[in-house]
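Asker: Below are the C-alpha cells for one structure; questions will follow.
The values are calculated or read from the model by the stated rules, or taken from the named source; none is laboratory data. The model shown is predicted, which means the values in this text are computed figures rather than measured ones. Cβ placement follows ideal geometry from the backbone for every residue including glycine, while neighbour counts extend to all protein chains displayed.
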Amino acid sequence: MSHSTTAQGTTAQAHPNIALIKYWGKSDTLVNLPSAPSLSITLDTLVTETTVSTASGQNDEVWLDGEKTIDLKIAGWLVDLRHRFDVPMLEIHSTNNFPTASGLASSASGFAALITAINAHCELGLDNNQCSIWARRASASAARSMQGDWATLAGPHWHVNSIEADWPLRVVVAITDPTRKAVASSVGMAQSKDTSPYYPAWVETTTQDFDAATKHIAAHDFAGLAALAEHSCLKMHGLMLSTQPGLLYWKPATLALIHAIRELRADGVPVFFTVDAGPQVKAICLPEAAATVEQKLASIEGVQQTLNVGLGPGAHLVDP
Ligand code: DP6
C-alpha cells in the first residue's frame with residue numbers, strides 16, 4: 001500500500017454508487033447505523049480523487065474541487081477518527097468529475113476515497129472492512145463505495161459486502177439540474193423518521209425487498225429486479241413526500257424521464273429507473289440497450305447531459 005505514499009501525499013479514487021434498494025433512515029446517529037439494509041451498484045467513469053498529505057500548519061485544510069472549504073461533516077468525522085487513531089493535521093484535496101451534492105452520491109465516493117487515502121497515508125492498518133465502517137460513520141452510502149460492482153450494507157454488523165453477481169449492467173445517468181440539493185440526506189432522513197406516518201412500514205418492507213433483490217440478482221432476473229428497484233425508489237420518494245415539511249427532490253424533467261423509461265420498457269427495452277435525493281434519473285439497463293436508452297433520455301426536455309457508465313471498482317489507491 002505504501003507505494004502510493006509520497007512527500008506530495010497519498011492519492012485514492014472511489015466511485016459513486018447507485019442504490020437499487022434504498023437507504024433512508026437511521027437507527028443510530030452516533031455511529032450512523034441504517035434502519036434497514038441497502039443494495040447498490042458502483043459506477044465506473046464517475047470518480048472522486050482525493051489526495052491526503054500532512055498539513056504544515058496547525059489545522060486541517062480541505063479543498064473540494066479546487067476551493068478551500070470548511071466542511072463540518074469532514075471536520076466532525078476527523079474528530080472521531082482522532083479519538084481512535086493518531087492522525088496528524090491533514091491537507092485534503094478532493095475533486096469530482098461530476099456535480100457535487102446533487103443526488104449523484106458525491107459523499108459516498110468522497111468518504112470512501114478519503115478513508116482509503118488516510119488509511120494508507122497515516123498507516124492506520126485498516127482492512128477494507130474496517131475502512132467501510134469508517135466510511136459508513138461519515139455517510140452510510142460511502143461504505144458501499146468501498147466495494148466494486150454489486151455491494152450490500154446490511155445488519156447486524158453494518159459493514160459492506162459484495163455480491164458475486166457477474167452481471168455487467170449499464171447505467172445511463174440523465175442530469176437535469178447539477179446544482180446542490182436543498183435538503184441534505186441526513187437532515188431529510190431525520191425528518192422522515194420523526195414525522196412520516198409511513199416510516200415504520202418503510203423500514204419493515206425494505207428488509208423484505210432487500211432479501212428478494214438478492215434472489216433476483218443471483219438469478220439474473222432483470223424484470224424482477226426492475227420491478228423491485230422501481231418499487232423501492234418510489235416508496236422512498238413516497239416516504240419523502242409524506243415527511244413534514246414534504247421533501248420533493250424531483251424537477252419536471254425527473255418525472256418526464258420516469259415516464260420515458262417506463263414507455264421504453266413497455267416497448268420491450270430492458271431498462272428501469274431509480275432516483276435519489278436529487279433530480280437526476282439513473283436508468284439501469286442491459287448493455288445492448290444502453291445506446292437506445294441514452295438517445296431517448298437525451299431527447300427529453302430539461303435534460304442537460306447524459307452519461308453512459310458501467311459498473312466500476314471499489315475504492316483504491318492510485319500511483320501519484
Ligand atoms: C437517497 O448516505 O448520503 O442516496 O448516511 O446521512 O450521509 P448519510 O446519508 P447518505 O444517504 C443516501 C441516500 C440515498 C439512498 C441510498 O444511497 O441508499
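Asker: Which members of the stretch 279-299 meet the condition of being over 24 Å from Ser232 (Cα atoms) and of a type in the set (Val, Ile, Thr)?
Answerer: Correct list: Thr292 only.
Asker: Looking at the stretch 131-146, which of its residues are out of contact with any Pro (no Cβ under 9 Å at 6 or more places or on another chain), near the ligand (Cβ under 7 Å from one of its atoms) and assigned to a helix (DSSP H, G or I)?
Answerer: If the condition is that a residue be out of contact with any Pro (no Cβ under 9 Å at 6 or more places or on another chain), near the ligand (Cβ under 7 Å from one of its atoms) and assigned to a helix (DSSP H, G or I), then Ala138, Ala142 are the ones that fit.
Asker: Still on this structure: Only one of these conditions is not met by Gly278: (1) at pLDDT 95 or above; (2) within 27 Å of Thr306 (Cα to Cα). Which number is it?
Answerer: (1)
Asker: In addition: State whether the residues of the stretch 22-41 include one that is among the β-branched types (Val, Ile, Thr), surrounded by fewer than 14 Cβ atoms within 10 Å (Cβ to Cβ), more than 20 Å from Gly312 (Cβ to Cβ) and within 10 Å of the ligand (Cβ to nearest atom).
Answerer: There is at least one residue in the stretch 22-41 that is among the β-branched types (Val, Ile, Thr), surrounded by fewer than 14 Cβ atoms within 10 Å (Cβ to Cβ), more than 20 Å from Gly312 (Cβ to Cβ) and within 10 Å of the ligand (Cβ to nearest atom).
Asker: Right, something else. Determine whether Trp158 is within 13 Å of the ligand (Cβ to nearest atom), over 16 Å from the mean Cα position of the chain (by Cα) and surrounded by 15 or more Cβ atoms within 10 Å (Cβ to Cβ). Quick ask: steps written out before the conclusion?
Answerer: Values: within 13 Å of the ligand (Cβ to nearest atom): yes; over 16 Å from the mean Cα position of the chain (by Cα): no; surrounded by 15 or more Cβ atoms within 10 Å (Cβ to Cβ): yes.
Taking the combined requirement at face value, the residue does not satisfy it.
Asker: Taking Arg82 and the conditions (1) basic (Lys, Arg); (2) more than 13 Å from the ligand (Cβ to nearest atom); (3) under 16 Å from Arg144 (Cβ atoms), which numbered condition does it fall short on, given that it satisfies the others?
Answerer: It is condition (3) that Arg82 fails.
Asker: I'd like to check something: does the stretch 111-126 contain any residue that is within 14 Å of the ligand (Cβ to nearest atom) and at positive phi?
Answerer: Checked against the condition, which is being within 14 Å of the ligand (Cβ to nearest atom) and at positive phi, the stretch 111-126 yields no hits at all.
Asker: In the stretch 268-311, what count of residues is obtained for those that are within 16 Å of the ligand (Cβ to nearest atom) and not in a strand (DSSP E or B)?
Answerer: 6
Asker: Moving to a separate point now. What are the residue pairs meeting all of these: first residue in the stretch 187-212, first residue modelled with pLDDT under 95, second residue assigned to a helix (DSSP H, G or I) and crowded, with 20+ Cβ neighbours inside 10 Å, Cβ atoms under 7 Å, and 6 or more apart or on different chains?
Answerer: none
Asker: Hey, could you check the stretch 162-202 for residues that are more than 15 Å from the ligand (Cβ to nearest atom) and not in a loop (DSSP other than H, G, I, E, B) and say which is surrounded by the fewest Cβ atoms within 10 Å (Cβ to Cβ)? Write out each step before concluding.
Answerer: Filtering the stretch 162-202 for residues more than 15 Å from the ligand (Cβ to nearest atom) gives 162-170, 172, 174-179, 195, 197-198, 200-201.
Checking which are not in a loop (DSSP other than H, G, I, E, B) leaves us with 162, 170, 172, 174-175, 195, 200-201.
On the way: Ser162: 16, Arg170: 23, Val172: 27, Ala174: 29, Ile175: 22, Thr195: 13, Pro200: 11, Ala201: 13.
Step by step, filter the stretch 162-202, then rank; the result is Pro200.
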